[in-house]
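Notes for the one structure printed next.
The values are calculated or read from the model by the stated rules, or taken from the named source; none is laboratory data. Just so you know, these numbers come straight off a predicted model, no measurement behind them. Every residue, glycine among them, receives a Cβ derived from its backbone with ideal geometry; neighbour counts consider all protein chains shown.
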Amino acid sequence: MATFKDYFSASAAGYAAHRPRYPDALVDFLAEQAPGHELALDAGCGTGQLSVLLAWRFRHVIATDASARQIEEAEPHPGVEYRVAPAERSGLEDGSADLVTVAQAAHWFELSSFYEEVRRILRPGGIITLVTYGILTVDRELDPLILGFYHDVVGPYWPPERRHVEEGYRSLPFPFAELAAPALAIEVSWSRDDFFGYVDTWSAVRAAEKSLGHAPIEDFKRALFAAWPADAHRTVRFPLSLRVGRI
């Protein structure tokens, strides 16, 4: 099994506060495809952005993450049981799950071992779903500034696995009978503080600060705030990419 690359424990509180929620339509689609609604596993759950939504459609959700700090910051819900565990060792019984989800985390997994675990725990007809969101958009005024920061300033500091996110997970192996998925997106109405709080959770920002200091990030913040009034909310859109398979 690959060593857990922990880029996230130090930013767990920021993840809980600033990472966007997934749309209800995603959970509705997955619930329609699943053979039942008794048990769902959300692997690599982070602070529970998808786990809590799954609990509205599945009786019991087990949400696992290898980072204890992420689990400590996860949003509590009576239908969600959080566990510190690697994705490749869920602890679930054979053939017990209707659905396995991985949201914005599959590019960190040892996929061959994880897929063996998925086959073990899913019941016949069960669904496995990889979800990721790529580069966001705001509007024509702000997008060049944001993309310039993403690619040119912190771009060299993204972990190499980031390319799988940018490719919508299409380059990841997915050895299952694949189902067509609807076109979905996360859309949030954010202030400039909300937006910068999200940017500040990027692993590339942390790595760039270690190499370049705080100045480039502060320069971006000043430029962003100059173009985005303090009292304005703007729609931030994150297109979703799904890989959906049936056992």
Wholly within region 89-202, which helices (runs of 4 or more DSSP H) include no fewer than the required count, namely at least 3 residues that are touching a residue at least 40 places away in the same chain (Cβ under 8 Å) and of a type in the set (A, V, I, L, M)? 111-121
Which one of ARG170, ARG162 is surrounded by 14 or more Cβ atoms within 10 Å (Cβ to Cβ) and out of contact with any Cys (no Cβ under 6 Å at 6 or more places or on another chain)? ARG162
Does region 35-48 hold any residues that are farther than 13 Å from HIS60 by Cβ and either assigned to a loop (DSSP other than H, G, I, E, B) or among the basic types (Lys, Arg) (or both), and which are they? PRO35, GLY44, CYS45, GLY46, THR47, GLY48
Collect the residues in region 210-226 that are surrounded by 14 or more Cβ atoms within 10 Å (Cβ to Cβ) and of a type in the set (Gly, Ala, Ser), keeping them in residue-number order. ALA223
Limited to region 11-34, what total is found for residues that are part of a helix (DSSP H, G or I) and modelled with pLDDT under 95? 8
Among the candidates ALA68, ALA106, single out the residue that is touching a strand residue (DSSP E or B) at 6+ places or on another chain (Cβ under 7 Å) and over 20 Å from ALA185 (Cα atoms). ALA68
From ALA207, ALA223, which residue is in contact with a Pro (Cβ under 9 Å, 6 or more places away or on another chain) and part of a helix (DSSP H, G or I)? ALA207
